[in-house]
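Heads up, the thing below is written out as structure tokens.
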Amino acid sequence: MNFAYLVILAILLAGCVTINDNSGVNQNNGGNGGNETIKNLSVDGTPPYLSTSSIRPSNPDRNEPFKITITAEDDVAVNFISWETNDSFSRQPSSQTEDCDLQKTCSVEFEFASGEDGLKTVSVYATDSSGNESQKSGFEVSVRPFDYIPSICGDDICKSSESFETCPADCEELIPDCGDDCASEITGSEGLTGGSEETCTTDSSCGYKKACIGGKCTSVQCTNDAQCGSGKECENNRCARCPVGASGFYAC
């Protein structure tokens, strides 16, 4: 009689083996009459999915922050959302996972920045409470070769991140039907007033910031680029933002 046989025999004699019958009740082989109800357990085999995702901006400058926003959903609970990459970044989240507190819907935001220009890739996926993983969603960002200059309101340059509403000191109010390079009329000495003082035939016969319009000297916002400040030029007697050149600086 070998050792394994002796172990099996000892277990049977001790009455430790339970048999599950069709009634859902465990019967003890020892005949002690003890019953234990077995609860049916369901296994979650459905992975979570990424319902929405976005990246902004998708073509940042070097060291300019860009954000990836993800929303994941699961029929039971989302455990966390993770990111991974083979590229290096000058700024990235301190953790590769963001806890979702077992919510069915979870939204997170990851912020990155790259000190090197070129194409960068970041993959994001979600994991549910059962360990199931969603399909990975890859994001590509094209980092431009010139350096990011933070927006500073009051530097006389209307940057792409500024507007008349957020920084009226740098940006002109635009006429909705006039296009992005057309400034609105501003009353007072800085814009067209509609008033006139003397008759004229040319702009040179009028005074400072006045143009000959309809045969009369009329106050205008500008008559030359020097009256508009940095990053702006005088077009049709109004200061308008200069176009941005290929190097990322204003072309005027």
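The values are calculated or read from the model by the stated rules, or taken from the named source; none is laboratory data. Bear in mind the structure is a predicted one, so any value in this text is a computation, not a measurement. Note that we place each Cβ from the backbone using ideal geometry, even for glycine, and neighbour counts take in every protein chain shown.
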Of the residues in segment 140-179, those that are of a type in the set (S, T, N, Q) and modelled with pLDDT under 75 come to SER151, SER160, SER161, SER163
When the residues of segment 85-95 are narrowed to those that are out of contact with any Lys or Arg (no Cβ under 7 Å at 6 or more places or on another chain) and surrounded by 13 or more Cβ atoms within 10 Å (Cβ to Cβ), which ends up farthest from PRO65 (Cα to Cα)?
THR85
Residue that is surrounded by the fewest Cβ atoms within 10 Å (Cβ to Cβ), among those in segment 57-84 that are farther than 13 Å from SER129 by Cα and acidic (Asp, Glu):
GLU84
Tally up the residues in segment 104-146 that are within 16 Å of ASN79 (Cα to Cα), under 17 Å from the mean Cα position of the chain (by Cα) and surrounded by 13 or more Cβ atoms within 10 Å (Cβ to Cβ), please.
5
Selection status of ASP117, at pLDDT 95 or above and touching a strand residue (DSSP E or B) at 6+ places or on another chain (Cβ under 6 Å)
no
